[in-house]
Ligand code: ATP
């Protein structure tokens, strides 16, 4: 596991004003993300995605799938089960190695990750190595495995013990032979999958950044040994470009971080993280790992099955090397929100104070709602006209209809959830069949014919450039 770096207060914000507190509160008030089982006081570090949050998450997942599977004719998809044969995790090394060093306070019983203690001591000016919470004596560090366990079947004994998968990758490795035998893939080729993963993390602050239940978007790319370094460089570049070009993330808030010997996982030959500059410091967003033939070899050994590849070109048999791209879907939701969040002064309000609008400059491809349809007033048939238009647009764009309140306030509500376009129906619409199209980023408004509106919006989405 990579080490946690500088973690600052939750109120620290980036130059756009995005602090964790503001993001959490916007997410709650606008139906993006709620604390899980909140009516019972919530469950630590678990979150639920609300009506707009699930749209945002699905859109990011779809953008990833489109990029990896649809745009590459040598990458296929998979959806493996969360619960797998327990030998999987012995073969992968997770039973033995997937642990964090933890220490307990003998007095207040609080548990800490040993590698996070120094930072807490520095934060609180503690020099005697005692508990950062109560000053009590700490135990020696012990290794705690991060995998959640449960039991399958009616008898609870060691024979029924299974794990909730801590990564989606192993579902891909154990299906390597199935995919090779049943589809027409030829090396180099990839298998991609999106799904839930579970880790019993004890450091779970910072909202949805690190949670015990999360989603990953992983792709394992199988190559001939000797071509792995080239493939690694190719995927490093492609994955970085995806965040900038497809998710619209600001390039100066992204960087690579190479793992040194201490950070390298037991299976890795070389590993780079794509890091994002969160308000609490630079931290991982995606890992790109060169895993050699470690996993396929181990599964071959542990299962007793022959797992290798027959090259039809030169008739040689080998165990492929693997380049893995491992992204967090839920962590990407956080990055998309943080990066898009902007507080902008747009004038002076009627009380003489700065008029600040909060806006999410989300890439339109991932925005939960693409277009809001707003009648200027409800009466005189404008509401009916707007509803008719919204129903038509709904066929191929995610829409939202809102007729309540002053038009300016309705625009602001849409800005806050990142809706890139608003269409307003007014009295002129009845006469000349034109509407006002308002752009979220520039707040520019243009008058255009209602006819061909969906095409115009789709064109705007395709040519979108973040300002
Ligand atoms: P970290 O250093 O953040 O703990 P890791 O090095 O253990 O991450 P990987 O095992 O490489 O992470 O997982 C790949 C990706 O899965 C990460 O880049 C991150 O986006 C996501 N991820 C991992 N653990 C969590 C978690 N507990 N909560 C949310 N996302 C996670």
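What follows is calculated from the coordinates using simple rules that are stated; it is not laboratory data. The structure presented is a predicted model; accordingly, all values stated were derived computationally and were not measured. No Cβ is skipped: glycine too gets one built from the backbone with ideal geometry, and neighbour counts run over all protein chains shown.
Per-structure values
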read-out: The chain: angle of helix 407-416 to the longest principal axis, Cα-based, in degrees nearest 10; value: 10 degrees
read-out: Helix-derived mean residue ellipticity, 222 nm - over the chain, DSSP H n ≥ 4, -39500 (n - 2.57), to 500; value: -8000 deg cm²/dmol
read-out: On Cα atoms only, tilt of 294-303 relative to the major axis of the chain in degrees; value: 60 degrees
read-out: Rg followed by Dmax, in Å, when region 318-467 is reduced to its Cα trace; value: 18.5, 74
read-out: Relative contact order for region 99-138, counting Cα pairs under 8 Å that sit 6 or more residues apart, in percent; value: 42 percent
read-out: For peptides 181-187, 78-84, sequence by mean Cβ density within 10 Å, most packed first; value: 78-84, 181-187
read-out: Alpha-carbon Rg with Dmax, taken over the chain, Å; value: 25.4, 80
read-out: Degrees, to the nearest 10: 228-241 long Cα axis against longest axis of the chain; value: 20 degrees
